[in-house]
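Written out below as structure tokens is the structure these notes cover.
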Amino acid sequence: MTRLNIEVSIWIACSPERVWNYLCDVSNEVLWRYGVLFAEWITDPPREIGSIGYHFIQGLGDYPWKVVELKEPEHMSWDVLAGRFKGARAGYRISPEDAGSRMTIYVNANQNMFLKIMVLVLKGFFKRQLVGDL
């Protein structure tokens, strides 16, 4: 099956460590990710490969996920465990750029009819949510 890739990045006027710490507190996602009504870590710290998180996203429902790659403060990716995006891999990449950081959010998922329709919506969501400084 064909895989669909969506990737959006933004420059943030903060160090990679500060961006990383903000992103790793997933409860912050209700503040900046459009449609996220609830977000939490299920497993206790430390954050590591195998850690489990959970989101509830308006219009999409439950979104449990498991960390599958982790390199602090540069990269974290997770696999979606259930729901409409089950099997998708998403993540953040953070790198120093100028006097701040470049943060990239991405999703790689099986392409199906639902996702084909959602791709335009998702690109708009990502661009809308990746605005401003921490």
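Tell me which residues, restricted to segment 13-35, are surrounded by 14 or more Cβ atoms within 10 Å (Cβ to Cβ), among the hydrophobic types (A, V, I, L, M, F, W, C) and touching a residue at least 24 places away in the same chain (Cβ under 8 Å).
Across segment 13-35, the qualifying residues are C14, V19, W20, L23, C24, V26, W32.
For segment 1-12, what are the residues that are more than 15 Å from M103 (Cβ to Cβ), among the polar types (S, T, N, Q) and either free of Cβ contacts under 8 Å to residues at least 12 places away in the same chain or not in a loop (DSSP other than H, G, I, E, B) (or both)?
N5
How many of the residues making up segment 83-108 are farther than 16 Å from N5 by Cβ, assigned to a loop (DSSP other than H, G, I, E, B) and not hydrophobic (A, V, I, L, M, F, W, C)?
4
Does V67 fit the bill of being at pLDDT 90 or above, surrounded by fewer than 16 Cβ atoms within 10 Å (Cβ to Cβ), closer than 29 Å to N110 by Cβ and aliphatic (A, V, I, L, M)? Spell out the reasoning first.
Numbers: at pLDDT 90 or above: yes; surrounded by fewer than 16 Cβ atoms within 10 Å (Cβ to Cβ): no; closer than 29 Å to N110 by Cβ: yes; aliphatic (A, V, I, L, M): yes.
Spelling it out, it is not the case that V67 is at pLDDT 90 or above, surrounded by fewer than 16 Cβ atoms within 10 Å (Cβ to Cβ), closer than 29 Å to N110 by Cβ and aliphatic (A, V, I, L, M).
Considering only residues that are surrounded by fewer than 15 Cβ atoms within 10 Å (Cβ to Cβ), more than 13 Å from P64 (Cβ to Cβ) and touching a helix residue (DSSP H, G or I) at 6+ places or on another chain (Cβ under 8 Å), which ones fall in segment 36-46?
Matches in segment 36-46: L37 only.
Check every one of the strands (runs of 3 or more DSSP E) wholly within segment 13-82 and list those with 2 or more residues that are over 11 Å from the mean Cα position of the chain (by Cα).
Working: elements: 36-41, 52-57, 61-71, 75-80.
Because the criterion is at least 2 residues that are over 11 Å from the mean Cα position of the chain (by Cα), the strands (runs of 3 or more DSSP E) in segment 13-82 that meet it are 36-41, 52-57, 61-71.
The values are calculated or read from the model by the stated rules, or taken from the named source; none is laboratory data. What you see is a predicted model, and the numbers here were worked out from it, not measured in a lab. Quick reminder, even Gly has a Cβ in these numbers, built from the backbone with ideal geometry, and neighbours come from all protein chains shown.
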